[in-house]
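The next block holds one structure in the form of structure tokens; read it before the comments.
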Amino acid sequence: MKQHIISVLVENKAGVLARVSGLFSRRGFNIESLAVGTCETPGMSRITIVVIGNDMHIEQVKKQLNKLIDVIKITDITEKEHVERELALIKVHAEPGLQRSEVMQVADIFRAKIIDVGAQTLVLETTGDPEKIFALESLLRPYGVLELVRTGRVALQRGGPGPASRQ
Amino acid sequence: MKTGAAILIESLKEEGVEIIFGYPGGAVLPIYDELYDAELTHILVRHEQAAVHAADGYARASGRVGVCLSTSGPGACNLISGIATANMDSVPIVALTGQVPTGMLGNDAFQESDITGITLPITKHNYLVKDARDIKMTVKAAFYIAGTGRNGPVLIDLPKDVLTAKVAEEDVISGEPELRGYKPTLKGHSKQIKKALDLIYKAEKPVLYVGGGVIAAGASEELVKLAELFCLPVTTTLMGLGAIPADHPLNLGMLGMHGTEYANYAVSETDLLIAVGSRFDDRVTGKLSHFAPHAKIIHIDIDPAEIGKNVNPDVPIVGDAKSVLADMICLAEKNGCISEPWLEQVKSWRKNHPLRVVEDGKVHPQNIIRKLSELLDGGGIIVSEVGQNQMWAAQHYGFKKPRQWISSGGLGTMGYGFPAAIGAWFAKPEEPIVLIAGDGSFQMNIQELATVAQYKIPVKIVILNNMYLGMVRQWQELFYDRRYSYTELPPVDFVGIAKAYGIEGMRVDSVDQIDTALKTALTYDGPYLLDFQIEREENVFPMVPAGAAISDMIGKHNHNGGSGP
Ligand SMILES: Cc1ncc(C[n+]2csc(CCOP(=O)(O)OP(=O)(O)O)c2C)c(N)n1
Ligand SMILES: [Mg+2]
């Protein structure tokens with residue numbers, strides 16, 4: 001069992017996400033994270049899927065993904081040189097005073113931005129790899145993490161042109 | 001200005017559609033209004049499941065895309081097992097379904113069901129058309145997708161307001177559909193083909209293992225040529241029957257769970273297995289680790305996802321079977337029988353372990369099939385239901401050509417055969433059409449007797465009546481201590497039922513009636529039903545128990561005391 005990051009270039013059409021995710025759920029895979037958005041080519045979207053599974057099963061899912069009419073290109077970038085990022089928003093309990101300044105210090109060390117200040121809360125925005133987000137979250141926990149949301153990982157292969165421009 | 005429904009019918013005609021199997025309802029009223037005076041034959045079945053199976057039977061018999069039509073909700077849902085059947089066996093069909101108006105989608109409107117959602121995993125692709133201007137292009141894309149690459153079912157869901165919307169001619173979107181993500185590979189890689197040939201030159205005990213892909217690709221001629229070029233014994237799957245004539249000296253018949261002993265022995269001993277258009281299904285391989293254990297494997301398939309799915313081949317070749325086999329023949333630098341001792345070995349297995357037939361004055365189903373095969377000289381189109389009847393037909397009919405054998409393989413759908421036979425007849429009205437049915441399966445779509453009567457479809461219905469869900473009973477006998485839990489069926493007067501629909505028939509109780517009964521049915525001008533009362537506890541042998549190695553068959557038949565490997 002290994003973590004795979006699969007980048008799927010798809011037609012930006014209704015139902016395409018269900019088609020893609022259905023191939024995973026059918027085989028009992030749990031998707032760790034999934035991020036979708038439009039990409040550099042109009043009419044196409046790029047989906048980044050993080051999934052854990054054995055190589056043979058993942059290989060089969062990749063081939064099945066390739067068979068979907070709305071899938072244009074898929075790349076397993078796990079083994080390739082790549083960059084990956086995730087964005088998280090964290091709402092922390094932070095009463096004005098000492099607690100709040102401590103939270104702000106932690107945010108500073110992690111280069112997290114404070115994007116909302118409430119009467120008793122702060123919302124932090126952070127970007128990074130999953131480990132960094134996890135580390136930040138752990139440090140904030142003692143103050144009270146009220147809500148946390150993450151985008152799911154997005155990833156790109158380093159260097160060279162992307163698959164869309166090669167079409 | 002044209003309505004969406006009119007554009008639909010026009011688009012279907014442009015695709016060369018001549019016949020639609022369907023059943024009306026509220027959501028498709030606009031389509032039926034167009035059909036009222038369209039130059040397109042519509043066959044009214046009696047259950048939507050029959051519409052989709054008939055479209056499937058039509059497609060398998062003709063090689064063209066079959067079309068079925070149903071209303072929304074219950075009509076669409078009745079198509080599901082038929083779509084799944086076509087999907088499993090890679091049959092090109094286009095299913096048209098009505099849908100509630102776009103404004104009501106997702107509101108649980110009357111007779112709404114999310115049919116594109118439901119059929120997502122059982123179609124090659126599906127469409128929900130939300131704008132009448134897109135109908136033409138969608139139909140075009142659907143036919144292209146269904147009938148190219150690895151064939152399969154495509155569904156088009158048509159909301160009622162899209163069907164009634166009026167569109168100006170110049171607003172109809174036409175031209176070639178843009179399918180950036182769909183580029184099937186047809187031509188095999190020549191380097192791989194040469195590698196495969198090198199393995200063939202070196203092989204001492206080669207076997208060709210042939211599936212439905214060869215039939216779908218129309219590659220039988222090339223297959224037989226290649227086999228003859230090197231004297232390669234050929235075994236086929238259930239789906240591959242007819243790819244090589246049954247009486248061809250290199251043909252070993254079917255392999256797998258109910259394959260011939262000699263085919264299973266050959267595969268167990270082979271040193272080079274050449275899989276063409278076959279997918280190493282568990283009913284074929286038995287215990288995978290014991291399947292062709294000594295063999296190098298060449299796997300030729302149009303679907304890259306099949307390569308390495310169950311077995312890792314030494315030489316994978318992605319491509320259309322016809323093209324790849326033709327290239328193999330073309331690029332071959334040697335020929336001639338490369339394996340005399342192997343052929344001798346195979347011949348002796350065949351001689352010493354033939355399929356079992358018993359002539360003891362009782363009505364054995366195998367003998368009925370053999371007689372039928374003799375009377376039709378291995379011709380006609382033989383459609384089967386599912387169960388023992390299917391296996392006896394597969395084992396004992398002497399198929400001569402591809403597309404003669406129509407049977408639900410991957411899904412094993414009871415109730416498939418009868419409507420599929422109807423569809424097959426519309427594809428090949430000049431051919432005799434025989435349905436081999438079990439008493440259980442036949443009752444799953446028995447209402448189609450009405451369709452057969454209405455359109456005077458001269459299908460000959462051969463019921464191998466054991467008053468059991470025989471195949472399940474066989475498993476209960478062998479693996480559940482003969483505890484026949486809910487598999488016994490009370491007697492049914494099938495001839496009486498046929499007569500009620502205005503169809504002739506005859507009940508057959510004894511061996512000496514078999515010949516005349518079959519002759520009567522075959523020469524009768526119109527549909528005819530034969531209800532054969534067969535030996536009730538007859539089993540299908542040989543049999544590889546689920547999960548066993550395919551050389552480990554039960555119910556083996558040893559002539560001359562010879563034994564298998
Ligand atoms: C729709 C469906 N339901 C259940 C089964 C399981 N099944 C496989 S064979 C069989 C018995 C078929 O009985 P019959 O049609 O009488 O054929 P026989 O085996 O007796 O020849 C059953 C129930 C199936 N294949 N399809
Ligand atoms: Mg039966």
Checklist entry - Would you say residue B:395 is farther than 29 Å from residue B:282 by Cβ, in contact with a His (Cβ under 7 Å, 6 or more places away or on another chain) and within 16 Å of ligand 1 (Cβ to nearest atom)? => result no
Item to check | Given (1) within 19 Å of the chain's Cα centre (by Cα); (2) farther than 21 Å from residue B:242 by Cα; (3) more than 16 Å from ligand 1 (Cβ to nearest atom), index of the condition residue B:414 fails | outcome: (3)
Item to check | Hits in the range B:315-337 (condition: surrounded by fewer than 21 Cβ atoms within 10 Å (Cβ to Cβ) and assigned to a loop (DSSP other than H, G, I, E, B)) | outcome: B:332, B:333, B:334, B:335, B:336, B:337
Checklist entry - Under the condition of being over 14 Å from the mean Cα position of the chain (by Cα) and of a type in the set (Val, Ile, Thr), which residue from the range A:29-51 is nearest to residue A:4 (Cα to Cα)? => result A:38
Next on the checklist: Just to check your reading of the model, which residue among B:481, B:525, B:552 is among the charged types (D, E, K, R), at pLDDT below 95 and part of a loop (DSSP other than H, G, I, E, B)?
Outcome noted: B:552
Item to check | strands (runs of 3 or more DSSP E) contained entirely in the range A:15-90, each with at least 3 residues that are within 11 Å of chain B (Cβ to nearest Cβ) | outcome: A:71-76
Next on the checklist: Going by what's in this entry, would residue B:504 be described as at pLDDT 95 or above and within 13 Å of ligand 1 (Cβ to nearest atom)?
Outcome noted: no
Next on the checklist: Pull out all pairs, ordered by first then second residue, where Cβ-Cβ is under 6 Å, the residues are six or more apart or on different chains, the first lies in the range A:25-49 and is within 18 Å of residue A:157 (Cβ to Cβ), and the second is part of a loop (DSSP other than H, G, I, E, B) and of a type in the set (S, T, N, Q).
Outcome noted: A:35/A:151; A:44/A:12; A:45/A:12
Next on the checklist: Can you confirm whether residue B:324 is among the β-branched types (Val, Ile, Thr), within 16 Å of ligand 1 (Cβ to nearest atom) and modelled with pLDDT of 95 or more?
Outcome noted: no
Checklist entry - With respect to residue B:344, is the statement that it is over 30 Å from residue B:434 (Cα atoms) and at pLDDT below 95 true? => result no
Next on the checklist: Between a residue in the range A:1-23 that is without any contact (Cβ under 8 Å) to a residue 60 or more places away in the chain and any residue that is surrounded by fewer than 16 Cβ atoms within 10 Å (Cβ to Cβ) and assigned to a loop (DSSP other than H, G, I, E, B), which pairs come within a Cβ distance under 8 Å, given they are 6 or more apart or on different chains?
Outcome noted: A:1/A:54; A:12/A:43
Item to check | Residue selected from the range B:458-478 under the condition more than 8 Å from ligand 1 (Cβ to nearest atom) and buried (at least 22 other Cβ atoms within 10 Å of the Cβ), by the criterion nearest to the other protein chains (Cβ to nearest Cβ) | outcome: B:459
Checklist entry - For the range B:451-473, how many residues meet the condition of being among the charged types (D, E, K, R) and away from ligand 2 (no atom under 16 Å from the Cβ)? => result 2
Checklist entry - Restricting to the range B:108-142, what's the tally of residues that are among the aliphatic types (A, V, I, L, M) and in contact with a Ser or Thr (Cβ under 7 Å, 6 or more places away or on another chain)? => result 6
Checklist entry - Any residue in the range B:179-202 that is basic (Lys, Arg), buried (at least 19 other Cβ atoms within 10 Å of the Cβ) and touching a residue at least 12 places away in the same chain (Cβ under 8 Å)? => result no
Checklist entry - in a loop (DSSP other than H, G, I, E, B), crowded, with 16+ Cβ neighbours inside 10 Å, on the phi < 0 side of the Ramachandran plot and not charged (D, E, K, R) - does that describe any residue in the range A:104-117? => result yes
Checklist entry - Is it fair to say residue B:409 is buried (at least 19 other Cβ atoms within 10 Å of the Cβ), small (Gly, Ala, Ser), more than 9 Å from ligand 1 (Cβ to nearest atom) and closer than 25 Å to residue B:516 by Cα? => result no
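Matching residues to (1) within 14 Å of chain A (Cβ to nearest Cβ); (2) within 19 Å of residue B:195 (Cβ to Cβ):
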| position | (1), (2) |
| --- | --- |
| B:279 | yes, no |
| B:287 | no, no |
| B:305 | yes, no |
| B:310 | yes, no |
| B:319 | no, yes |
| B:329 | no, yes |
| B:332 | no, yes |
| B:355 | no, no |
Checklist entry - Of the residues B:265, B:209, which single one is assigned to a strand (DSSP E or B), farther than 25 Å from residue B:376 by Cβ and hydroxyl-bearing (Ser, Thr, Tyr)? => result B:209
Checklist outcome for this item: The condition from (1) within 16 Å of ligand 2 (Cβ to nearest atom); (2) touching a residue at least 24 places away in the same chain (Cβ under 8 Å); (3) of a type in the set (S, T, N, Q) that residue B:476 misses is numbered (2)
Checklist outcome for this item: Filtering the range B:228-258 down to residues that are in a loop (DSSP other than H, G, I, E, B), closer than 20 Å to residue B:348 by Cβ and more than 17 Å from the chain's Cα centre (by Cα) yields B:231, B:232, B:233, B:246, B:247, B:248, B:249, B:250
Item to check | Residue identified as of a type in the set (A, V, I, L, M, F, W, C) and either on the phi > 0 side of the Ramachandran plot or surrounded by fewer than 22 Cβ atoms within 10 Å (Cβ to Cβ) (or both) among B:167, B:154, B:139 | outcome: B:167
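Quick grid of which residues meet (1) touching a strand residue (DSSP E or B) at 6+ places or on another chain (Cβ under 7 Å); (2) closer than 13 Å to residue B:381 by Cβ; (3) of a type outside the set (A, V, I, L, M):
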position: B:397; (1), (2), (3): yes, yes, yes
position: B:417; (1), (2), (3): yes, yes, yes
position: B:425; (1), (2), (3): yes, yes, yes
position: B:430; (1), (2), (3): no, yes, yes
position: B:443; (1), (2), (3): no, no, yes
position: B:459; (1), (2), (3): yes, yes, no
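The values are calculated or read from the model by the stated rules, or taken from the named source; none is laboratory data. Because the structure is a prediction, the values reported are computed rather than measured. Glycine gets a Cβ as well: all are built from the backbone with ideal geometry, and neighbour counts include every protein chain shown.
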